[in-house]
Protein chains: 2
Amino acid sequence: MKITRKGEYAMRALVDLAQNYRKGLRQIQDIVREEEIPGKFLEQILIILKNAGLLQSKRGIGGGYSLNRPPDKISIGEVIRLIDGPLAPLGCVSSGHASCSKEITCGIRSVMVDVENATAEILDRVTLADICNRTKGMAERRAEYQMYYI
Amino acid sequence: MKITRKGEYAMRALVDLAQNYRKGLRQIQDIVREEEIPGKFLEQILIILKNAGLLQSKRGIGGGYSLNRPPDKISIGEVIRLIDGPLAPLGCVSSGHASCSKEITCGIRSVMVDVENATAEILDRVTLADICNRTKGMAERRAEYQMYYI
DNA sequence: GAAATTTCCGATTTGACTTATAGGAATACT
DNA sequence: AGTATTCCTATAAGTCAAATCGGAAATTTC
C-alpha cells in the first residue's frame, strides 16, 4: 500500500475539519490557507469525501464543508481505502485479483496478507479524533521542551 | 510503502533460488522459465541483489546465480527495502525527509510510524526459508483438499 | 432578478517513475 | 577460437499521480 499525496491531503483536510468540528462550515480556501494544499486539487478530493458520506457541504455564499460524523467515528483506514485503494502492499492480495499465477500456493502472498491485516489493525482503529489528540499532545510536549530550553 | 513489480520479481526469484539452495548455480533462463519474469528485466534485478551481497554469481558456460547466505538468513524486509525503498507508507516518515511542514507536531506522521514498525516487525522476521515452508504447506493442504474432493 | 460566491464536474496537461527492451562488453568454460 | 553466460548502459514505451483549466449548478445577498 502506498499513500499518495492525494491521500495525504485528504487526511490533512479531514483533520483540519475535525479540529473545527461544530464551528460551522469551513470553505476550501480556509483549508488551503491552513494546510497549503493546491486548491483545485483539494476540490476534487473533498467531492470524493462528500460523495462517500464523510462530509456535508453547502454551496453559495456562506457555504463550505463540515464533517458528517463526529471525528471519533471516522477512521484513517476508511479514508485511505477510499482515496488510495486497498491497504495490501501487493496487488494480488486484494480480493478479486486473479493475476497471480500460483495464487493458492503463493507463500509471498500469505505474508502480504499478514502485513495488510497488521496495517488495517492500526489504521481502522485510529480515528480523526485520535489524530487531533496526538497532535495536541505533541504540541504540548514540544512547548514543555521549549520551556526547559529557555 | 508500495511493492513494485520489480520488488515482486526480486522476491519470486529469491524464493526460487532458495528452493534450489545447494543444488549448484541456477541461470537466469531457468528462473525466467519457472517464474515467468521478463528476462532482461530480471537480469537487472539480479545484479542489484548480487551487488548487495545477497547473491553469488559466475559468468560463462556453467555459470549462474546462487544465494550467498542460507535462506533463513535473508529476510523479505531486507529485499523490499533494497528494491523498493523504505517501508513507511508516507514519505515524511522516512528519516532524512524534511518536507513535512509541521513535522514535529504531525499526528498523522506518528500513526504512519506505527504502521511502518508493524510492517517491519513482520517483514524483517519472515525469511526466504519461511516463504518456502509456507508455500510447501499450502501445496500440501491443497493436495489434501483435492483428495477429499475426489 | 441580477450579481456575487461557493461547491460541483469533466477534460486535459504535465511530469515523474515504473517497466521493459536493445545492444553490446566482459568473463569463463570447452 | 567459439560459445555461453553474466554484466553494464542507454533508451524507449507505458502508466499513473499531480495539478490545472474552464465552466456549470446552486445558494445567498442586494
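The values are calculated or read from the model by the stated rules, or taken from the named source; none is laboratory data. Fair warning: this is a prediction, and the values are worked out from it, not measured in the lab. Neighbour counts run over all protein chains shown; Cβ positions are idealised from the backbone, glycine included. Surface areas here come from the heavy atoms of the whole protein model, side chains and all, with no ligands, DNA or RNA. Shrake-Rupley method; radii C 1.70, N 1.55, O 1.52, S 1.80 Å.
Over the protein assembly as shown, give the accessible area per residue in Å² for a 1.4 Å probe, as an integer.
55 Å²
If the only charges are +1 at each Lys and Arg Cβ and -1 at each Asp and Glu Cβ, what is the size of the charge dipole of the protein assembly as shown around the Cα centre, to the nearest 20 debye?
Here the protein assembly as shown has a charge dipole of around 440 debye.
What are the label-to-label distances in nm, one decimal and shortest first, from B:ARG22 to the same spot in the other copies, with labels 7 Å along Cα to Cβ?
6.7
What nm distances, shortest first, do you get from the label point of A:ALA139 to those in the other copies when the point sits 7 angstrom along Cα to Cβ?
Shortest to longest, the spacings are 5.7 nm.
What does the copy distance list look like for B:VAL113, label position 7 Å along Cα→Cβ, in nm and ordered from shortest?
Copy-to-copy label distances for B:VAL113: 3.3 nm.
What is the range A:5-149 by shape, rounded, prolate or oblate, if you read a ≥ b ≥ c off the alpha carbon gyration tensor as root eigenvalues and call it rounded for a/c under 1.5, prolate for a/b larger than b/c, and oblate otherwise?
Since a/c reaches 1.5 but b/c is at least a/b, the shape of the range A:5-149 is classed as oblate.
Quantify, in whole percent, the carbon and sulfur part of the accessible surface of the range A:5-149 (1.4 Å probe; protein heavy atoms only).
Of the solvent-accessible surface of the range A:5-149, carbon and sulfur hold 49 percent.
Find which of A:ALA143, A:ALA129, A:PHE41 sits farthest along the positive direction of the dipole of chain A, computed with +1 on the beta-carbon of Lys and Arg, -1 on that of Asp and Glu, about the Cα centre.
It is A:PHE41.
Do the alpha carbons of any pairs in B:LYS40/B:LYS136; A:LYS2/A:LYS136; B:LYS2/B:LYS58; A:LYS50/A:LYS136; A:LYS6/B:LYS2; B:LYS23/B:LYS58 sit beyond 20 Å of each other, and which pairs?
Listed pairs above 20 Å: B:LYS40/B:LYS136; A:LYS2/A:LYS136; B:LYS2/B:LYS58; A:LYS50/A:LYS136.
Nearest to the axis that maps chain A onto chain B: list the chain A residue whose Cβ wins, with the distance in whole angstrom.
A:LYS2, 2
With +1 assigned to the C-beta of every Lys and Arg and -1 to the C-beta of every Asp and Glu, and no other charges, what is the dipole magnitude of chain A about the Cα centre in debye, to the nearest 20?
460 debye
Starting from the Cα gyration tensor of the protein assembly as shown, take the square roots of the eigenvalues, sort them a ≥ b ≥ c, and report rounded, prolate or oblate (rounded when a/c is under 1.5, otherwise prolate if a/b is larger than b/c, else oblate).
prolate
Where does chain B land at 222 nm, in deg cm²/dmol rounded to the nearest 500, when only DSSP H runs of n ≥ 4 count, each adding -39500 (n - 2.57), divided by all residues?
-18000 deg cm²/dmol
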